[in-house]
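Below is one structure; the comments refer to it alone.
The values are calculated or read from the model by the stated rules, or taken from the named source; none is laboratory data. These numbers come from a predicted model, not from an experiment. All Cβ positions, even for glycine, are placed from backbone atoms using ideal geometry, and neighbour counts span all protein chains on display. Just the protein is used for accessible areas: all its heavy atoms, side chains included, with ligands, DNA and RNA removed. Shrake-Rupley method; radii C 1.70, N 1.55, O 1.52, S 1.80 Å.
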Amino acid sequence: MRERCTRPIRSLLPACAATSVLLLSGVANAQQASPADEKAPEMASRGQRSLVRQIKYGDWQKVCFKTPGSGMVCRTNINGTFDTGQSAVRVDLIERESENKARLQVFVPVGLYLQAGVKLTVDQGKSYQIPYVWCMTNTCVAGNPADPQLVRDMEKGQELSLEVVDSSVQSATTEIPLNQFGTVRNGAPSKTFQQDIDE
């Protein structure tokens, strides 16, 4: 299943996204995030390049949702945008109150080599491969249960390196600041929403 989208990283064509959805429709819960040097084979790229445009990152934020009967679900996230204001990267850590586990989701532009997944590394430490789970017309999402060690490293670390492989099989990397992550994750939410469910 070595399919790839053949458009550039900046292209947001529905055809590429539709192909991605078909390829990934059964993968969402089938793979586990794991240290790249232990279980998941890494994709060898043909080289490295800088990202097409500079990405500017905002602050980490924590937003929570209260749902009757299900407790509180909180999302600690950061957004990166291109100089045009277009969304480039988003990282979410999603946690449910009273559960000792989390889910990590990474949103990136379409037009990437899907087999490679997203590679995350904190401060030159151990690397983790996160598989893509679905694509839409303007974004692809990689996601999996978050490894507890990765979350601990993010709380103590300075930078989260996010590496993807593009359609020409070259790797592109961006550095996401982590200096606020631990404080924001463990602090009070900036916003809380009540989710009412009609029966």
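Loop-located GluC sites (Glu not before Pro) in region 50-141 (DSSP state other than H, G, I, E, B) with a sparse environment of at most 12 neighbouring Cβ atoms within 10 Å: Glu97, Glu99. Per residue, region 83-176 exposes an accessible area of 40 Å² to a 1.4 Å probe, with every protein chain left in place. For region 97-102, putting each phi into the Karplus relation 6.51 cos²θ - 1.76 cosθ + 1.60 with θ = phi - 60° gives couplings of 3, 6, 10, 9, 7, 9 Hz, in residue order, rounded to whole numbers and with x for Gly and Pro. Pairs of Cα atoms in region 65-127 fall into 10 Å distance bins, from 0 up to the last occupied one, in shares of 17, 36, 32, 14, 0 percent. May I ask you to give the percent of accessible area on region 75-181 that is carbon plus sulfur, with a probe radius of 1.4 Å? Here carbon and sulfur together make up 43 percent of the probe-accessible area.
Which pairs break 21 Å Cα to Cα here: Lys62/Lys119; Lys119/Lys156; Lys156/Lys191; Lys66/Lys119; Lys62/Lys101; Lys56/Lys101? The pairs that break the limit, which is 21 Å between Cα atoms, are Lys62/Lys119; Lys156/Lys191; Lys66/Lys119; Lys56/Lys101. Take the Cα radius of gyration of region 41-194 and divide it by 2.2 N^0.38 Å, N being the number of residues; the result is 1.04. Quantify how much of the Cα-Cα distance distribution of region 136-199 extends past 13 Å, in percent. Looking at region 136-199, the distances longer than 13 Å represent 78 percent of pairs. Each of Ile130, Pro145, Leu160 was placed along the dipole of region 127-176 (beta-carbon charges, centred on the mean Cα), and the one lying farthest toward the positive end is Pro145.
Say each of Glu159 and Lys56 gets a label point 7 Å from the Cα, pointing the same way as Cα to Cβ; how far apart are those two points in nm? It is 2.0 nm.
Here the peptides 100-112, 75-87 are ranked by packing, the mean other Cβ count within 10 Å, and the order with the highest first is 100-112, 75-87.
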